[in-house]
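This report refers to the structure that appears directly beneath it.
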Amino acid sequence: MTDTILPTLTRVASLPSYQSQTDSEATLYVSIAGLIQEHLFYHPKAVIKAPKMSEIDAQSLAIIIEGAADGKTHFVDTLANEILANIKASTKEVKIAFSDADSAAFAGLLGGQLEAHEENPKMGVRGVTRFASDASTEQFALECEVIKKVIAATTASVQIVVPFVRNLSDAATIIDRLAIQGLPRGLNGLQVHFVCDVPAAALMADKLLQYFDGLIINVDTLTQFTLGVDKQNEALEHHFDPQNEAVLHLVGNAIQAANKANKPVLTTIDELAHNPRIQELLEQLTATEVVVTA
């Protein structure tokens with residue numbers, strides 16, 4: 001079991017932009033949402049459909065994409081090249097996660113007014129719900145183009161990670177959508193993993209794994225949804241506890257399902273050293289990798 005120390009990012013992404021195994025550097029984990037926040041600063045839809053922007057914002061966007069053939073090309077090339085620049089000779093696999101940011105995070109970017117307002121963004125249109133919606137079809141296609149460009153330019157095994165899979169319908173939908181975009185699971189060994197962000201995904205991990213090649217347990221978001229606690233809300237901070245029995249049960253259920261299916265598990269958690277019961281559980285259940293995100 002390998003701990004990976006990662007930098008902390010802004011809340012646009014629940015996972016850091018990059019993570020790799022400290023010892024071997026064999027695995028690179030990439031969050032597209034994190035890359036958008038760090039390297040693009042604009043909403044993907046801003047290069048698909050020109051939004052009504054203030055003069056300052058319009059000038060900023062023009063400066064950012066200056067030199068590119070068009071906005072879509074800038075989006076794809078910038079993110080793909082950034083990922084490729086971080087692939088080392090020792091990198092054996094690259095896991096690329098589609099955007100997991102919520103509507104509030106997207107709304108904070110240039111062109112964010114293209115994002116529909118939601119009263120409860122954390123539990124809103126994100127993950128597969130976003131990718132499968134008519135409003136975000138072209139955004140999903142752009143992210144797929146990033147992945148395809150990375151696949152074409154590296155000999156490392158590029159794998160897809162799907163965040164916020166809420167049910168079996170989500171699983172079937174995203175596999176179909178990927179095939180439509182030219183990324184069918186299994187083609188040339190292409191693997192697709194899903195993230196346990198919500199309790200339903202952890203409880204149904206055995207059935208979801210029939211659609212996927214492995215899973216990632218995001219303990220941070222799983223804890224928030226299990227306990228109904230917004231970690232960013234200081235008034236509720238004392239209720240946030242990854243070692244709560246309910247969270248431990250869900251983590252254990254997901255790992256056992258993956259072990260039974262003989263499929264890999266990646267567990268991400270903030271401050272593993274401060275959560276000895278989580279660490280003990282992972283050791284007991286022989287989780288393949290552990291990533292410490294803060």
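The values are calculated or read from the model by the stated rules, or taken from the named source; none is laboratory data. Given the structure is predicted, the values throughout are model-derived calculations rather than measurements. Heads up, the Cβs are rebuilt from the backbone with ideal geometry, glycines too, and the neighbour counts pull from every protein chain shown. Each accessible area value is taken on the protein alone, full model and side chains, heavy atoms only, with ligands, DNA and RNA left out. Shrake-Rupley method; radii C 1.70, N 1.55, O 1.52, S 1.80 Å.
Annotations for the structure displayed:
- Dipole in debye (nearest 20) - the chain, about Cα centre, beta carbon charges: Lys, Arg +1; Asp, Glu -1: 840 debye
- Once you divide the Cα radius of gyration of region 75-178 by 2.2 N^0.38 Å, the number left is 1.15.
- Under 18 Å of direct C-alpha separation, and excluding same-chain neighbours fewer than eight residues apart, residue 148 reaches these lysines: 72, 92, 95.
- If you bin all the Cα-Cα distances of the chain at 5 Å, starting from zero, the percentages per bin are 1, 5, 12, 17, 19, 18, 13, 9, 4, 2, 0, 0.
- Counting every alpha-carbon pair across region 198-261, the share separated by more than 20 Å comes to 29%.
- Within the listed set 56, 174, 64, the Gaussian network model of the chain (springs between alpha-carbon atoms below 10 Å) gives the highest mean-square fluctuation for 56.
- Among the listed pairs 49/149; 45/231; 207/231; 149/207, those beyond 26 Å (Cα-Cα): 45/231; 207/231; 149/207
- Largest accessible area first, the listed residues 115, 143, 138 line up as 138, 115, 143 when surface is computed with a 1.4 Å probe on the assembled protein chains.
- Per residue value of the accessible surface for the chain (all protein chains in place, 1.4 Å probe), Å²: 44 Å²
- Whole-Hz couplings from phi, Karplus 6.51/-1.76/1.60, listed for region 174-186; x for Gly and Pro: 5, 5, 5, 4, 5, 4, 4, 7, x, 10, x, 4, x
- Only protein atoms count toward the accessible area here, which uses a 1.4 Å probe; on the chain, the carbon and sulfur part of that area reaches 51 percent.
- For the set 52, 95, solvent exposure ranked by accessible area (probe 1.4 Å, protein chains only) runs largest to smallest as 52, 95.
- Here the chain carries DSSP beta bridges of which approximately 10% are antiparallel, counting only pairs with both residues inside.
- Spacing of the two label points (7 Å from each Cα toward its C-beta) at residue 117 and residue 63, in nm: 2.9 nm
- Largest first, the residues 169, 90, 136 sort by 1.4 Å accessible area into 169, 90, 136.
- Between residue 206 and residue 259, the contour length at 0.36 nm per residue exceeds the alpha carbon distance by 18.1 nm.
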